[in-house]
Amino acid sequence: MTPLGSLRTALNVKTVLPIPIKGQVVDEQGLPLPGATIVEVGTQNTTVTDMDGRFQLNAAEGSMIEIYFMGYKKQIVPASASMTVKMQSDAESLDEVLVVAYGKQSKADVTGAVTQLNAEQFKQGVNISVDNLLQGKVAGVRIVPTSGEPGAGVNVSIRGVGSIRSGSTPLFVVDGVPLSNDDVSPGGSNVGFGASAPKNPLNFLNTSDIESITVLKDASASAIYGARGSNGVVIVTTKKGNKGQASFNFDSYLGFSKVANKLDVLSASKYRTAISDPLFDHGGNTDWQDVIYREAVTRNNSLSFAKATETGNYYVSLSQMDQDGIINKSSFKRTSGRINAEESFLDNKRLKLKMNLTASETEDNGVPTSDDGGSNGQLIVHTLMANPTRSVFDENGEYTNFNMNAHYNPAYLLSIYEDQTRTLRVLGNLEASFRIIDGLEYRMNVGVDRSIAERNTTIYPNITDLNPNGRYVQNNIESKNSLIEHYLTYNLEANKHKVEILGGFSYQKFERSGNSFSIDQIADQGTGVSPGNNPGFAGVQSGVSGFSQENELQSYFGRANYSYDSKYLLTASLRADGSTRFGENNKYGYFPSFAVGWNIAKENFLAEATAINELKLRGSWGQTGNQEVQNKITQAAYALSGADGYYLYDDLELVNGISVARTPNPDLKWEVVTQYNIGLDFSFWNDKLYGSVDYYNKTTTDAILNTPAPVLSPTTTVWGNIDGKIVNKGIEFMIGSKIVDTDDFTWSMDVNGATLNNKIEDLPVSEILSGTISGPGQSGVLANIYKSGYEAGSFYLLEHIGFDEEGADIYRDTNGDGIISGDDRQIFEGALPNFTYGLNSMMRYKNFDFSFSIIGQSGGYLLNNTGLNALNINNLASDRNVAEGYYNSGANSSNAPQISTLYMEKSDFLRLNTARLGYTFKTDKLKWMQSLNLYVTGQNLFTITDYTGYDPLINSPKSSGGNQSVGIDYASYPTARTFILGATLKL
């Protein structure tokens, strides 16, 4: 016996020797769970399961073994030589895994301002595009439509407006592929009705395929995307197969929509009382809004099936949507399909291959609702100002022809106009991951985003003065976005230390080309062939043009996450982006970020505080960039005399007939957004109360603008970075509660809100103007101003202070010269609301479910350009209608409209955005059916507001010189109120 053994015997000490334990951890279906953590209770003795869910551990005989796995309830079982542990799903903990850039992360380990929504939170209503799903759900994220037209564009902003140039759209990443923010469809050409904007580029995604949407708001979360993260990042993850039996889902609904709010214009009887010229009474009685608006029908059918196996999973879907617009002849159609598949190979699933592929075809049929110009051909303008005593048809059944003072029969305008956009888009990526050694994994991601779009715009031969012989324009765009990424991830857990290191390389190439042509004088020559279907048979070809461009982005990125004892967290990232869009002297930009977190709830001094489930303090700082500028702007551009366009040359000796149109600037660099964030996450009493609160400060510097460069010529411009700042700061919060959680009744509710303080500081120029105003006498007038000390895009207007005894307008003479002119304009409050909020509630009682969503805002203003142009009091003197509010104001009908505070209105509102009631039938006796849910949904049910336009949540695209406009409402396609009847079948 050894001396040590003799001592043990003498002291009667019992020796406890470790015994080898072998086991496997599986889920409810018996499938292995790789990566589960195995711990001998009371010790630091730990291991993790391999790819087959198996583990080995030497533990003391009689000890207890604790098993953890994300998404499953913790298990504590006695140790034995051979054991199999079946885990039980924990629905609450499933929500704790967040999708972040280049991977997933436990919510407890996240140090940035990140919000994730799952499919249950955005399944309500008719939602064509992914951006609409975010409305009212995430604090600090504002969703503002440019129009109520099906398929129209949407302005998405996260934490305010951070750029003077047009575009504050966040970066969208779909299944690991960053999308370009460029339009994938052409804009509508002016065939007599004004130009119109391209369609929403996110319309191609079937929203039923989306599993989750993650919003990265602060720089710590988004800096890993570097040059494109300045406006925030939205990560979209589509569905995959789940473990268990195969699922087959069929969702079908039928929707009925009508205009949510008609404008109060004079009826025929009131109009007859208001006019002074009897010639303006044409004997009819017409509500022109009723003429062009209709009850529209939406049909949507979506089918999917999915399955997860021991080594992989798949998800396949097919959907078709057909939505009629509430204006006659407008519609949106989409057919889409998706295949997601994942499979594992080699020993212990060392190699994994994952594929995501979606393809869609969309068809948008538009109406003449242009974004620019005056009233010529603008359908909404002519509808609102149409004389209500006129009739749609004459005694012969033909359309009546107003055609005087640029005033047209709106029903006739619809009959002579066609605007169809067809877009085919395919997005796919293949991801391969290879586990080199335990903890070290290599991944490669190859993706392609390809689209082809054609837009055909026609005005048929007509009896107006708008291209009376007809005109046809075709615009085509092809886009290709190619991506290849390589990155390594290394994970290490040792005692209380956990480290994750990520490093990689990314290359993305954007190719874009297009062409257009027009055919004038397409009058039917007796062939019987519709010019819209065969425009080439007649007419004169003109306006042939084309373009082709490409740019590249080469990036290196890295991130490190460290946690100690799950209490103290540290995250750091750095991305270097090189872009061909920038000058030779500043090809690369560098974007760092740092963040720390403290899980206070895990501290020993709170060990007895059972009411606290989560209490985490976060702080972050970082920089992101903005590269959304035109291609080639760092190079010189030269115009040829008599040429419509301009030409690019690296070096050119100026000769007669050639002038400089743009000065080169090889020093152009990125816009930089520096942001810091302090946040607190909390959860008390088992989620009876949970939420988060954040303070942020987000500052944009090195703004890119196109400014005059009079060194060579007064008409020459140069793109450069200017001094000055755009500062956005505020507080965001989300507070939720599982108010009731029983077997028969559950009720959860959350409310989110965000304040915003936006200001421009230290601008080196006195002012920058934007916001084109439409209307008589408003040519060249701009209503938005960017000026130091004021909010971005504040309104620059005359101050309307009332009417004199004869009803004439009175404006403030600010300079005291006795003459009212543009020099008397002042700066007034801006369009950005200083508080936005949303409330979401979900209830279930036995088989019934009920949910609703409320959204709102306060502190912002809108400029009612529709009222100025289409409804001003001056219309009574020119055979047109007027808004009741302007008529009742006491104004004189001889007043000429001026851009003034008379048309500036508060945009405060509260809206019941959606409400859904459903019933799930019991299917216990039908073994082939899992569930059947019937539901009814209401969308845009009511809005409480003082705004006199169609909708206070609107922003018409009225930019000028590439600088974005804010808060102008011009003749926008109205929003709809919709009711849906639907059924969801699961087999």
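Looking across region 487-521, the residues that are part of a strand (DSSP E or B), within 30 Å of SER545 (Cβ to Cβ) and either touching a Gly at 6+ places or on another chain (Cβ under 7 Å) or of a type in the set (A, V, I, L, M) (or both) come down to GLY514, ASN515, SER516, PHE517, SER518, ILE519, ASP520. Residues in region 266-278 that are modelled with pLDDT of 95 or more and either among the hydrophobic types (A, V, I, L, M, F, W, C) or touching a Cys at 6+ places or on another chain (Cβ under 7 Å) (or both): LEU266, ALA268. Summed over region 428-449, residues that are surrounded by 17 or more Cβ atoms within 10 Å (Cβ to Cβ), touching a Lys or Arg at 6+ places or on another chain (Cβ under 8 Å) and closer than 19 Å to THR238 by Cβ total 3.
For GLY938, indicate whether it is assigned by TED's automatic domain parsing to the domain that holds THR369, in a strand (DSSP E or B) and touching a strand residue (DSSP E or B) at 6+ places or on another chain (Cβ under 9 Å). Reasoning before the result, please.
Numbers: assigned by TED's automatic domain parsing to the domain that holds THR369: yes; in a strand (DSSP E or B): yes; touching a strand residue (DSSP E or B) at 6+ places or on another chain (Cβ under 9 Å): yes.
Here the answer is yes, as GLY938 does meet what is asked.
State which residue is surrounded by the most Cβ atoms within 10 Å (Cβ to Cβ) when the search covers only region 406-427 and only residues that are among the hydrophobic types (A, V, I, L, M, F, W, C) and in contact with a helix residue (DSSP H, G or I) (Cβ under 8 Å, 6 or more places away or on another chain). Residue satisfying both the conditions and the ranking: LEU413.
Considering every residue within region 899-915, establish whether at least one is of a type outside the set (Asp, Glu), more than 30 Å from PHE835 (Cα to Cα), assigned by TED's automatic domain parsing to the domain that holds PHE828 and out of contact with any helix residue (DSSP H, G or I) (no Cβ under 9 Å at 6 or more places or on another chain). No - not one qualifying residue is present in region 899-915.
Every residue, every condition in (1) surrounded by fewer than 18 Cβ atoms within 10 Å (Cβ to Cβ); (2) closer than 22 Å to ASN132 by Cβ; (3) within 24 Å of the chain's Cα centre (by Cα), yes or no:
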{"position": "GLN898", "(1), (2), (3)": "no, no, no"}
{"position": "LEU902", "(1), (2), (3)": "no, no, no"}
{"position": "SER931", "(1), (2), (3)": "yes, no, no"}
{"position": "TYR935", "(1), (2), (3)": "no, yes, no"}
{"position": "GLY967", "(1), (2), (3)": "no, yes, yes"}
{"position": "PRO974", "(1), (2), (3)": "no, yes, yes"}
{"position": "THR984", "(1), (2), (3)": "no, yes, no"}
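Can you pull out every residue in region 816-856 that is of a type in the set (S, T, N, Q) and buried (at least 19 other Cβ atoms within 10 Å of the Cβ)?
Initial filter on region 816-856 (of a type in the set (S, T, N, Q)): 821, 826, 834, 836, 840-841, 847, 851, 853.
Within region 816-856, THR836, ASN840, SER851, SER853 meet the criteria.
Pairs are defined by a Cβ separation below 6 Å, a sequence spacing of at least 6 or placement on different chains, a first member in region 127-145 that is closer than 20 Å to SER851 by Cβ, and a second member that is of a type in the set (S, T, N, Q); the pairs so defined are ASN127/THR207; LEU133/ASN127; GLY136/SER853; GLY136/ASN913; VAL138/THR115; ALA139/ASN752; ILE143/GLN135.
Tell me which residues, restricted to region 574-602, are outside any strand (DSSP E or B), charged (D, E, K, R) and either touching a strand residue (DSSP E or B) at 6+ places or on another chain (Cβ under 6 Å) or surrounded by fewer than 15 Cβ atoms within 10 Å (Cβ to Cβ) (or both). First the steps, then the outcome.
Filtering region 574-602 down to residues outside any strand (DSSP E or B) leaves 580-587, 600-602.
From what is left, the residues that are charged (D, E, K, R) are 581, 584, 587, 602.
If the condition is that a residue be outside any strand (DSSP E or B), charged (D, E, K, R) and either touching a strand residue (DSSP E or B) at 6+ places or on another chain (Cβ under 6 Å) or surrounded by fewer than 15 Cβ atoms within 10 Å (Cβ to Cβ) (or both), then ARG581, GLU584, LYS587 are the ones that fit.
Selection of region 332-350 for residues being surrounded by 20 or more Cβ atoms within 10 Å (Cβ to Cβ) and closer than 30 Å to ILE292 by Cα yields PHE332, ARG334. On inspection, ASP813 passes the criterion of being surrounded by fewer than 22 Cβ atoms within 10 Å (Cβ to Cβ), assigned by TED's automatic domain parsing to the domain that holds LEU953 and in contact with an Asp or Glu (Cβ under 9 Å, 6 or more places away or on another chain). Determine if region 945-965 includes at least one residue that is touching a Leu at 6+ places or on another chain (Cβ under 6 Å), modelled with pLDDT of 90 or more and either small (Gly, Ala, Ser) or assigned by TED's automatic domain parsing to the domain that holds GLN289 (or both). The answer is no; no qualifying residue exists. Selection over region 293-331 of residues that are more than 16 Å from LYS240 (Cβ to Cβ), surrounded by fewer than 20 Cβ atoms within 10 Å (Cβ to Cβ) and aliphatic (A, V, I, L, M) gives a count of 3. Checked against (1) in a loop (DSSP other than H, G, I, E, B); (2) under 30 Å from GLY162 (Cα atoms); (3) not basic (Lys, Arg), ASN784 passes all but condition (1). From the list THR923, THR948, THR943, the one residue that fits, being among the β-branched types (Val, Ile, Thr), assigned to a strand (DSSP E or B) and in contact with a strand residue (DSSP E or B) (Cβ under 7 Å, 6 or more places away or on another chain), is THR943. For region 280-291, the count of residues that are among the small types (Gly, Ala, Ser) and touching a Lys or Arg at 6+ places or on another chain (Cβ under 6 Å) is at least one.
Does LYS787 meet the test of being closer than 30 Å to GLY867 by Cα, assigned by TED's automatic domain parsing to the domain that holds LEU868 and of a type in the set (D, E, K, R)? For LYS787, the condition - closer than 30 Å to GLY867 by Cα, assigned by TED's automatic domain parsing to the domain that holds LEU868 and of a type in the set (D, E, K, R) - is met. Take LEU133 and decide whether it is among the hydrophobic types (A, V, I, L, M, F, W, C), within 16 Å of the chain's Cα centre (by Cα), assigned to a helix (DSSP H, G or I) and over 28 Å from ILE484 (Cα atoms). Criteria met by LEU133.
For region 912-950, which positions are acidic (Asp, Glu) and in contact with a Gly (Cβ under 7 Å, 6 or more places away or on another chain)?
Residues of region 912-950 acidic (Asp, Glu): 924, 946.
Selection gives nothing.
Taking into account only those residues within region 832-865 that are in contact with a Phe, Trp or Tyr (Cβ under 6 Å, 6 or more places away or on another chain) and outside any strand (DSSP E or B), which is nearest to LEU133 (Cα to Cα)? Among them, the one singled out is GLY859. Of all residues in region 773-796, those that are over 19 Å from GLY962 (Cβ atoms) have Cβ atoms under 6 Å from Cβ atoms of residues that are surrounded by fewer than 21 Cβ atoms within 10 Å (Cβ to Cβ) and among the aromatic types (Phe, Trp, Tyr), 6 or more apart or on another chain, in PHE795/PHE828.
The values are calculated or read from the model by the stated rules, or taken from the named source; none is laboratory data. Values in this document were obtained by computation on a predicted structure and should not be read as measured data. Here the Cβ is made from the backbone with ideal geometry for all residues, glycine too, and neighbour counts use every protein chain on show.
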